[in-house]
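Read through the structure below, which is laid out as structure tokens, and then see the notes.
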Amino acid sequence: MKHLFFARRITTFFVIISALFGFCSVSASSDTPLDQMKTSVEKLLEILSDDQLKTPEMQSERKKRVVSVVDGIFDFHGMARSSLAKEWQKISAEDQKEFVDLFSKLIKQRYIGKIDAYDGQKVVFGKEIIRGERALIYSTLQDNSSSYSMVYFLKKNQDKWLIINMKIENVSLVANYRSDFSSIIRKDKYAGLVKMLKDKVSGFKESW
Amino acid sequence: MKKVTVDYVVGLFMILGFLAFVYLSLQLGEFSIFSMEKNYSVSAQFDNVSGLKEGAAVEIAGVSVGRVSKIILGEDDLAEVTLLINKDVKITMDAIASIRTQGIIGDKFIRVFQGGDSEMLKHDDVIWETESAVDLEKLISQYIFGSAQEKSDE
């Protein structure tokens, strides 16, 4: 059952890529988190369906635009801290900075690097729940044959709502990294984790 | 006079026995009035808590650190679960609570993944990030339905 679940999760990850980078930062302070999300998805679809950007020469420009959007709506610092869990408090400020950089590159490489997989999937938003500085947004990603539930956890940072975690088919992204990282740290210490992350993102262009 | 003393002793014995019984039932019961001194409560909101019962264990790294004291239907149709956590155990603000099963068909319990926040949860705080109970039937039907779809696409 676990294997089945895992296989399903991998497939899901591939399919949701398109939705992941679908959130732009353009927003007014009065907007609700859901309004911000909706504007972002529209922006994303605009970039993705722009024929001019589909040519091979424009590939890097297309990725750049998507990344600039993603940088504005994900709280990579919060996600990295949350994923590293206890170890975060033990490392120095410089190491923390380095880790955030590696982590954000890892996420971008893993999900945004596959934007070409986008094939007309639709994002349908459901309810939003706001409790003070935190919010939850429910959405469904609809493919031709199946749909996947996605829940975003957002936190208000000054006037902007930033994504601090997401759940795809009830699997939490941060929880997943948290358990992966902690088992690597137990085995190879923090230095081992950094080395592994560096190896993984080595092929990642600096411009991203 | 002697009879009165015996009566007193019997009465005292009865009262002691009764008190012992009350203490025992409070200690073993689902809710203990003594528990509030040793524990603090935090709540967590889940989409689905199917199979989770009051009294279920709360674990960190497989170690029991508390239990579920109340499950109610809260705002926005979310299940609101109140957890009683041992006072000695501190849980980070960004901890993630997930409902897991002991074995494949075992009891449901709540597993808490500690986060990296320096702020700790206080009495009556909320664990915001949660993973709901895994719906096996849904997964199976998705798998079967999904594979049928893929085949028809070929």
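Read-outs throughout are calculated quantities, based only on the coordinates presented, and are distinct from any laboratory measurement. Source: prediction; values computed, not measured. Here the Cβ positions follow ideal geometry from the backbone for every residue, glycine too, while neighbour counts run over all protein chains shown.
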Multiplying the sequence separation of B:I72 and B:V6 by 0.36 nm and subtracting their Cα-Cα distance, what value in nm do you get? 18.6 nm
Calculate the mean, over all residues of peptide B:115-127, of how many other protein chain Cβ atoms lie within 10 angstrom of the residue's Cβ. 3
What pairs in A:K127/B:K138; A:K108/B:K122; A:K167/B:K108; A:K38/A:K63; A:K86/A:K200 have C-alpha atoms more than 31 Å from each other? A:K108/B:K122
Could you calculate the FRET efficiency of B:I140 with B:A20 from 1/(1 + (r/R0)^6), where r is the beta carbon distance between them and R0 is 41 Å, rounded to 0.05? 0.25
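Within 10 Å of each Cβ of A:169-175, how many other protein chain Cβ atoms are there on average?
Taking the mean over all residues of the peptide, I get 6.
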